[in-house]
1. Work from the charge dipole of the range B:10-168 (Cβ charges, +1 for Lys and Arg, -1 for Asp and Glu, about the Cα centre) and give the residue of B:I115, B:I126, B:A53 farthest towards its positive end.
2. Give me a single rounded figure for B:29-42: the average over its residues of other chain Cβ atoms within 10 Å of their Cβ.
3. Taking the Cβ of each residue in A:W236, B:W32, A:W226, B:W15 as the centre, tally the other Cβ atoms inside 10 Å and list the residues starting with the fewest.
4. Test of understanding: in a Gaussian network model of chain A with alpha carbons linked when under 10 Å, which of A:K133, A:K173, A:K45 would top the mean-square fluctuation ranking?
5. On C-alpha positions alone, give me the angle between the axis of helix B:148-168 and the longest principal axis of chain B, in degrees, nearest 10.
6. On a straight-distance basis, which lysines could pair with A:K227 in a cross-link, Cα separation under 16 angstrom, same-chain partners fewer than 8 positions away excluded?
7. In peptide A:196-206, how many Cβ atoms from other protein chains are near each Cβ within 10 Å, on average?
8. Which one of A:Q284, B:L97, A:Y120 has its Cα pushed farthest toward the positive end of the charge dipole of the protein assembly as shown, where Lys and Arg give +1 and Asp and Glu give -1 at the Cβ?
Amino acid sequence: MNNALKIFFVCLMLISPIIAGGGGETNKELDPVYEAISHVADSMKITKVGNSYEAGEISALFTLPKIYGIDFSITKHVFLLLLVSFITVTSIIFLVQRYISSHTKVPGKPMNFVEMIVVYIRENVLKNFIGEKYYREWAPLVYTLFFFILVGNFLGLIPIFDFLGFVNYFGSKLINIDYHNTFLYPFTKGGNTVTANINLNFALATITFFAFTIAGIKKYGPIGHWKNFAPPGLAWPLYFIVVPIEILGMLLRPLTLTLRLAGNMMGGHLALIIFTGLVMQIAQSYNSVLMGLAGASLFSVPLSICIIFLEILVGFLQAYVFALLTAVFIGMAVNVHH
Amino acid sequence: MNNPLFVVSPGLYIWSLVIFLLVLLILKKYAWTPLLDFLDQREKEISDSLAMAESAKADLEKVKEESEKILNEAKNQGKSIVSDSKQKAEDSANKILNDAKAKSDEFVLDAKKKIDVEKKKAIKEIKEEVVGLSLDLASQVLQRNVKDEDNNKFVDSSLKAINTDEAKS
């Protein structure tokens, strides 16, 4: 009974984006691409121009005044960012503090998982790449990056906003008001994975960039660090090639970090929403809800579940890769080998 | 290019920077540093207790060796004690046996002497008896009484003869 309820709930969550997206507008042609894009994008107006989609103005959840022309409004991704931070901070501090202050010193299951990762990263990443001497200084950054991205990725797998859309649609139907006018409506469209947003990822990558630059400067001094771009012992004409390549490599590192994470998370979610969108398309092309449900049971739900499992793996892997690369870059700046 | 999936929004960028740095600072202070210290401490405790166990093992080995040594010594001592006491017992048994033998020999000798004396006595008595009887027989045969003097003379001479016979034998 319990399991059946769980499965029902999961299925409900899986198809909730469709209901939220296309809710009720029976006479309007549903556009799966639009739904997919608005699922992944931040909260903004999206308009179709020819065959492509263009981002319109931001439709924030809470509009804040602009400072120096920068819009600090709370969009869905800012909201998710706050949520991810809150979950990361509270859960990890709770687990760690409970573990440390416990008398038995025996970790519970969640703490065991955290400890396993912490020890694994320390032994295989931090000590390996940064070295015994300096790793303590950079360990908090690597750990925080890992858990922050991990929570972000996993939170993206829970269709919070889509489920809110589902609740909003049926709730407003129940009390007989237009679902566009409810207070929940701004929360109901898209924007699931905060780690699929290049702005956030670029912020994290910027921190990584400054981390490895600071690490190098701390070790070799403000001049010595930059001198490392020109490895000694080369014929002088080679420096004209090597130095630009090294500098370009350094500048590209945050960019690759950003795009790798964003691309992975976005791709997974697009695949997820497109498979889920099959329901919509089947229902539309056969003009019957029954066919849509059949399609859902035959294709969408199994495929979506597979993609979700894949996404769990990818989410974990990408968090690890981001943390690993941060450690590698810091290690490269600290232990210069020529 | 105005792709909705790749919108550059400085607001979110700055939000992310600030919030992530806050998260980093909070977690560094309240989670990672204490956790790493705790792990280090626990690892140290484990290695310490392992070292302790190692030394305890070595101690145990030592004690075992010592106890074995003591046991061996005790065994040897016991063996020597047993063999000593065996020797002693044998000696004393031999002594007792010898004493008993000597005593019994003495007894036998004594008894033999006594028997000899008794024998001699008896023989002498028998001889006297025999002489008396033979004298009686002889006087009856002779039908006359030999004079006492003669009688005595004869008795003495025959006793002498017997004695010499005896001495010879």
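1. B:I126
2. Whole-number average of other-chain Cβ neighbours for B:29-42 is 6.
3. A:W236, A:W226, B:W32, B:W15
4. With Cα springs under 10 Å in chain A, the top fluctuation among A:K133, A:K173, A:K45 is at A:K133.
5. 30 degrees
6. Cross-link targets: A:K218, A:K219.
7. So the per-residue partner count for this stretch is 5.
8. Looking along the dipole axis, the top candidate is A:Q284.
Any read-out appearing in this document is the output of simple, stated calculations on the displayed coordinates, not a laboratory observation. Quantities reported herein were computed from a predicted structural model and do not represent experimental measurements. For neighbour counting, all protein chains shown are included, and Cβ atoms are generated from backbone atoms with ideal geometry for every residue, glycine included.
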